[in-house]
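Undergrad: Handing you this structure, nothing more for now.
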Amino acid sequence: MRTLTPKVTAKARLKTMVRAGLSTLLAASGGDRLIGRRYGGQGVILMFHEFVSSPVDTLGQGCPVDHFDAILAALKASGRDFVGADEALRRLTDPEARPFVVLTFDDGYRSNIDLALPVMERHAAPATIFVPTGMVDRSINAWWLGLRELAVTCDVIEMEPMELRLECRDLRGKQAALELMTAWVWQDFARADLLAPVLVAHGVSMPDLVDRLALDEAGIRAADRHPLVEIGAHTATHRALRLLDDAAVETDIGDNKRYLETLLDRPVDWFAYPYGPPSIGGTREADIVRKLGFRAAVTTDPGGLFRPHLNAPYLLPRQNAEVPASPVSHALAGANGVFRALSTRFGAPYDCPGDIK
């Protein structure tokens, strides 16, 4: 087994600096608003996951709650309304409606309520929390949390599936180790199933870790009763759906929908695809989501919402807003469609395949 001391590469640092610098420059110059005339659409769905008081404790992962507060203040000052998911669809039918922002949080973290909700209340900003069954019943393979716990608690990680011994004794080393391990899984999501023995060998209990970080059934019910919170579906197991056959995809999504509807005693109408592109192969998954009776579903493809998205409500774009560097500028740039423009090299502002039959 080879020993490696991971380091954040100069290329990675440069990419982060360029992205942050571009967002800051566009926001300061008004360039993001200029781009937004073509790419911003009528509104935007923003994506968050976990919220933190100190990003050092999570190796930079999660959205610092003070950043979240500043993002909401800036979005409100830009003239956008905070609306729920259903209201967003309604506004797409009305060309005279005010521009809007929809907040979404993935995975059902306790911090969505403990840290984010007080900020939401100050800004009167609703949010949809997309919850996998496995996070609530503690059965999930939350490999991304397991890897982070390894990096946080261990100075040496025996990463046998990678045939590497990772030495990470300071903050930067731990961040680099986490980035390296995470990228290894993203290259092939089947690798997530190889991590359980590594976690056990290093004293990481996945159920205990998830219990510490995720809402339980009582917490989910209480959250859903709050006037600013709606619970949405996010599969039973949080696997990359493209790895599964048709029947398994339908089971994974359908079981989660039925579980949440039983828990909450109401219909669950909105769905979020785990991981984004690794869960979407053409329109197969969207067809299944439609068949299961959802009203709409969100991806992780960047971009604003336009009226034609009503023709493809099961593949709605959603902009990542959880960026440590220049968070306010990044959120404003995302709301103005800057990252859609960049990802398409200033091509079409939206991509709707038409009605999903």
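Undergrad: Which log10 I(q)/I(0) values, to two decimals, does region 114-184 give at q = 0.26 Å⁻¹ under the Debye formula with one point per Cα?
TA: With one equal scatterer per Cα and no solvent, log10 I(q)/I(0) is -1.05.
Undergrad: Looking at the chain, what % of its DSSP beta bridges pair antiparallel, to the nearest 5?
TA: In the chain, approximately 15 percent of DSSP beta bridges are antiparallel ones.
Undergrad: Report relative contact order for region 53-129 in percent, whole number only (criteria: Cα-Cα under 8 Å, sequence separation at least 6).
TA: The normalised contact order for region 53-129 reaches 33 percent.
Undergrad: Report D for region 1-140 in µm² per second (integer): Stokes-Einstein, Kirkwood Rh on Cα pairs, 4 °C, 1.567 mPa s.
TA: D = 74 µm²/s.
Undergrad: Further question: Give me a comma-separated list of calculated 3J(HN,Hα) values for region 260-275, in order, Karplus coefficients 6.51, -1.76, 1.60 applied at θ = phi - 60°, integers in Hz, x for any Gly or Pro.
TA: Once rounded to whole Hz, the list reads 5, 5, 5, 5, 9, 6, 6, x, 10, 9, 10, 9, 10, 6, x, 6.
Undergrad: Here is a further query. So for region 1-156, averaging the separation of alpha carbon pairs under 8 Å that are six or more residues apart and normalising by length, what relative contact order in percent results?
TA: 22
Undergrad: Follow-up question, since we're still on this one. Based only on Cα atoms, what mean projected area does the convex hull of region 143-207 have, in nm²? Could you put the intermediate results ahead of the total?
TA: On the way: hull surface 15.1 nm².
Here the figure is 3.8 nm², rounded to one decimal.
Undergrad: Can you tell me, using C-alpha contacts under 8 Å and at least 6 residues apart, the relative contact order of the chain as a whole percent?
TA: It rounds to 25 percent for the chain.
Undergrad: Take the alpha carbon gyration tensor of region 177-303, find the square roots of its eigenvalues, order them as a ≥ b ≥ c, and report rounded if a/c is under 1.5; if not, report prolate when a/b exceeds b/c, else oblate. Before the final figure, lay out the partial values.
TA: Details: a/c = 1.94, a/b = 1.22, b/c = 1.59.
Note, shape of region 177-303 comes out oblate.
Undergrad: Let me check I've understood the local charge: for ASP137, count other residues with C-beta under 12 angstrom from its C-beta, Lys and Arg +1, Asp and Glu -1. What total comes out?
TA: Charge balance in the 12 Å sphere: -3.
Undergrad: In whole angstrom, note down how far apart the Cα centers of region 67-105 and region 198-238 are.
TA: Computed from Cα coordinates, the inter-centre distance equals 26 Å.
Undergrad: Kirkwood Rh over alpha-carbon pairs of region 234-353, then Stokes-Einstein at 10 °C and 1.306 mPa s: what D in µm² s⁻¹, rounded to an integer?
TA: On the way: Rh = 15.3 Å.
So the translational diffusion coefficient is about 104 µm²/s.
Undergrad: For VAL156, which sequence-distant residues (separation of 5 or more, or a different chain) have an amide H within less than 5 Å of its own amide H, given hydrogens modelled in the peptide plane?
TA: For VAL156, whose amide H was placed from the backbone, the distant partners under 5 Å are CYS168.
Undergrad: Above 27 Å lies some portion of the pair distances; for the chain, what is it as a whole percent of all C-alpha pairs?
TA: Roughly 47 percent, rounded to a whole number.
Each value in this text was obtained by applying a stated rule to the coordinates, not by laboratory testing. Because the structure is predicted, anything quoted here is derived from the model rather than measured. Cβ sites come from the backbone with ideal geometry, for glycine too, and all protein chains shown count toward neighbours.
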